[in-house]
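Asks: For reference, the structure I am asking about is given below.
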Amino acid sequence: MQNLFTEVGSLDQRCYNDFALSEDILMEHAADGMADFIHNQYSDHEHICIVCGAGNNGADGIALARLLHRDFDVSLYLSFGVRSTMTKLQYRRAEAVGVKFVDELQECDILIDALFGSGFSRSFDEETKELLQAMNDLDADKIACDMPSGLRLDGTMEDESFIADVTLTMGALKRGMFSDAAKEIVGSVYVIDLGVSRKVYERTSNWKLLDREDLHLPFRYEQDSHKGTYGHLSVICGEKPGASIMTGSAALRFGAGLVTLISNTSEQIPYALMQSHLLPETTTAIALGMGLGTEFSNEELLSLLDNELPLLLDADIFAHPLFIDLINRKHLVLTPHPKEFTTILRVCGLADIDIQELQHNRFYYVELFCRAYPNATLVLKGANVIIAQCESFYINPHGSNLLAKGGSGDVLGGLIAALIAQGHTTINAAIHGSLAHTAAAAAVEKNSYALTPGDLIEAVTTL
């Protein structure tokens, strides 16, 4: 996993103060790293147009133009002139080596956005909107220098933001690049070192980006074991039994030794799952909420939950009158989608907001919830899943629109609950269950519209 930062200005300042690295040195390393990427990815003499702003992101772009000059056909468009000290310095250097300056956006093979970077915090004026629209309309490979122009460090963005195929970000990963909205525009993200290793440049952060390699699967190594060794998950099955069946089937696939559906009626269920009206004594974890409806009375639910077993909550339970009584349970995982999370925030008295406000400020509201309920583990679904507990926050960026299908959340709940039943901590179960969920989707070789929950459950066997 990798560190994520809300800003990197303090990390740059540390380079100046502690490592005797000047702003110029950091900028030259930034440009050199971008140049190396382009040399490795593209053939010489392709036409590159670099569009630069008047500040230091523009200075990075001008320095890059100097390094690529003569190896590529480089056009440098200074759309807003030069203003900062570093921009003026890099302009003189580029002019001295003969870089070609142009007065308008050029047709090109590779388009590089060096307009604003991570320093962007305002709104676009009409001139900038027109320029960004023209840049997005070009048929070229598009590279963002540091961050796509229009994307802010808090993860919000302008409608006309630059849509990059690749983002070459400086020094460290910025958290704002992994908001749900940003997923549409950042493309593939690579970090460029700034004169020192990232291990030196970065400090620790309580926000982390999960890598695919962080996934630990629940392989079995103990030979002297039995089904009880691997936990017993009980899924409370309500009005829509299909949801609970998907959760239970996913849990069984992901290593739970036993899975029982708790129901007031007799349902047609897969032969590998068990069914009961009572909570089995051997239960090691409970999943509740998926397809719940009004099948159970409050008294029945309270009876089933009159224990200290780890509990995973999803879907219908968040709007249930009993939810507020469960929120302080010691071992608890919540797996809401955005609309459900707004319900949680409202019921808990933390915020009364709509989905749009949540999606604009996902990071803020996740931190708000975790301060209020530090024992709960939150898995906020979305384009980039946020997993959080107390002061530890993780983003899983590996999901895709394949997962936008009814039932995929029930499968996620089953994967996480399976690990909890097997004895994992709630935060570890959430991390590895989420990574397995996105990895399973990536392993399904079907058209993007065709994935089903059954495909996900089957794909778990191939990870």
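The values are calculated or read from the model by the stated rules, or taken from the named source; none is laboratory data. Note that the structure is a prediction, hence the values are computed from the model and not measured. Glycine gets a Cβ as well: all are built from the backbone with ideal geometry, and neighbour counts include every protein chain shown. Heavy atoms of the whole protein, side chains included, go into the accessibility calculation; ligands, DNA and RNA do not. Shrake-Rupley method; radii C 1.70, N 1.55, O 1.52, S 1.80 Å.
Asks: Starting from residues that are touching a Phe, Trp or Tyr at 6+ places or on another chain (Cβ under 9 Å) and either on the phi > 0 side of the Ramachandran plot or part of a loop (DSSP other than H, G, I, E, B) (or both), keep the ones in segment 197-233 and report whichever is surrounded by the most Cβ atoms within 10 Å (Cβ to Cβ).
Replies: Result: Leu210.
Asks: Taking the condition modelled with pLDDT under 95 and assigned to a loop (DSSP other than H, G, I, E, B), does Phe162 pass? So that I can check it myself, show each step before the final result.
Replies: Numbers: modelled with pLDDT under 95: no; assigned to a loop (DSSP other than H, G, I, E, B): yes.
No, not satisfied.
Asks: Taking the condition farther than 21 Å from Asp455 by Cα and modelled with pLDDT of 95 or more, does Leu313 pass? First the steps, then the outcome.
Replies: Values: farther than 21 Å from Asp455 by Cα: yes; modelled with pLDDT of 95 or more: yes.
In short, yes.
Asks: Could you identify the single residue in Ala383, Ala315 that is out of contact with any Cys (no Cβ under 7 Å at 6 or more places or on another chain), crowded, with 17+ Cβ neighbours inside 10 Å and farther than 22 Å from Ser244 by Cβ?
Replies: Working: Ala315 fails: farther than 22 Å from Ser244 by Cβ.
Exactly one of Ala383, Ala315 is out of contact with any Cys (no Cβ under 7 Å at 6 or more places or on another chain), crowded, with 17+ Cβ neighbours inside 10 Å and farther than 22 Å from Ser244 by Cβ, namely Ala383.
Asks: Do we have any residue at all in segment 50-67 that's among the basic types (Lys, Arg), without any contact (Cβ under 8 Å) to a residue 40 or more places away in the chain and surrounded by 16 or more Cβ atoms within 10 Å (Cβ to Cβ)?
Replies: Residues of segment 50-67 among the basic types (Lys, Arg): 66.
With the extra rule that they be without any contact (Cβ under 8 Å) to a residue 40 or more places away in the chain, the set shrinks to 66.
Those left that are additionally surrounded by 16 or more Cβ atoms within 10 Å (Cβ to Cβ): 66.
Yes, segment 50-67 contains a residue that is among the basic types (Lys, Arg), without any contact (Cβ under 8 Å) to a residue 40 or more places away in the chain and surrounded by 16 or more Cβ atoms within 10 Å (Cβ to Cβ).
Asks: What about Ile327, is it open to solvent by less than 20 Å² (accessible area, probe 1.4 Å), touching a Phe, Trp or Tyr at 6+ places or on another chain (Cβ under 7 Å), within 13 Å of Cys237 (Cα to Cα) and of a type in the set (A, V, I, L, M)? Explain how you work it out, then say what you get.
Replies: Working: open to solvent by less than 20 Å² (accessible area, probe 1.4 Å): yes; touching a Phe, Trp or Tyr at 6+ places or on another chain (Cβ under 7 Å): yes; within 13 Å of Cys237 (Cα to Cα): no; of a type in the set (A, V, I, L, M): yes.
Judged against the criteria, Ile327 is not a match.
Asks: Checking Glu7 against (1) assigned to a helix (DSSP H, G or I); (2) among the charged types (D, E, K, R); (3) open to solvent by 30 Å² or more (accessible area, probe 1.4 Å), only one condition comes out false. Which one?
Replies: Of (1) assigned to a helix (DSSP H, G or I); (2) among the charged types (D, E, K, R); (3) open to solvent by 30 Å² or more (accessible area, probe 1.4 Å), only one is false for Glu7: (1).
Asks: Select the strands (runs of 3 or more DSSP E) contained entirely in segment 234-297, then report the ones holding at least 2 residues which are of a type in the set (A, V, I, L, M) and open to solvent by less than 20 Å² (accessible area, probe 1.4 Å). Break it down stepwise before answering.
Replies: On the way: elements: 258-262, 274-276, 285-288.
Where strands (runs of 3 or more DSSP E) fall fully within segment 234-297 and carry at least 2 residues being of a type in the set (A, V, I, L, M) and open to solvent by less than 20 Å² (accessible area, probe 1.4 Å), they are 258-262, 285-288.
Asks: Quick check: anything in segment 165-172 part of a loop (DSSP other than H, G, I, E, B) and open to solvent by 10 Å² or more (accessible area, probe 1.4 Å)?
Replies: For segment 165-172, residues part of a loop (DSSP other than H, G, I, E, B) and open to solvent by 10 Å² or more (accessible area, probe 1.4 Å): present.
Asks: What are the residues in segment 293-320 that are under 24 Å from Asn375 (Cα atoms) and within 31 Å of the chain's Cα centre (by Cα), if any?
Replies: Leu309, Pro310, Leu311, Leu312, Leu313, Asp314, Ala315, Asp316, Ile317, Phe318, Ala319, His320
Asks: So Ile344 ticks every box in (1) open to solvent by 70 Å² or more (accessible area, probe 1.4 Å); (2) not in a loop (DSSP other than H, G, I, E, B) but one. Which box is left unticked?
Replies: (1)
Asks: Can you tell me which residue in segment 78-112 is nearest to Lys142 (Cα to Cα), limited to those that are in contact with a strand residue (DSSP E or B) (Cβ under 6 Å, 6 or more places away or on another chain) and charged (D, E, K, R)?
Replies: Taking the candidates together, the pick is Asp109.
Asks: Assuming Phe101 fulfils every condition listed in (1) of a type outside the set (S, T, N, Q); (2) buried (at least 16 other Cβ atoms within 10 Å of the Cβ); (3) more than 28 Å from the chain's Cα centre (by Cα) apart from one, which condition is it?
Replies: The number of the failed condition is (2).
To keep it simple, each residue is scored yes or no on (1) open to solvent by less than 10 Å² (accessible area, probe 1.4 Å); (2) closer than 18 Å to Glu107 by Cα; (3) in contact with a Leu (Cβ under 7 Å, 6 or more places away or on another chain).
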| site | (1), (2), (3) |
| --- | --- |
| Ile25 | no, no, no |
| Asp36 | no, no, no |
| Asp73 | no, yes, no |
| Tyr77 | no, yes, yes |
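Asks: So, Thr452, is that one closer than 21 Å to His331 by Cβ and open to solvent by 50 Å² or more (accessible area, probe 1.4 Å) or not?
Replies: On the way: closer than 21 Å to His331 by Cβ: no; open to solvent by 50 Å² or more (accessible area, probe 1.4 Å): yes.
No.
Asks: Step by step: first the residues of segment 347-380, then only those that are closer than 29 Å to Ala439 by Cα and among the aromatic types (Phe, Trp, Tyr), then the one that is most open to solvent (accessible area, probe 1.4 Å). Which residue is that?
Replies: Tyr364
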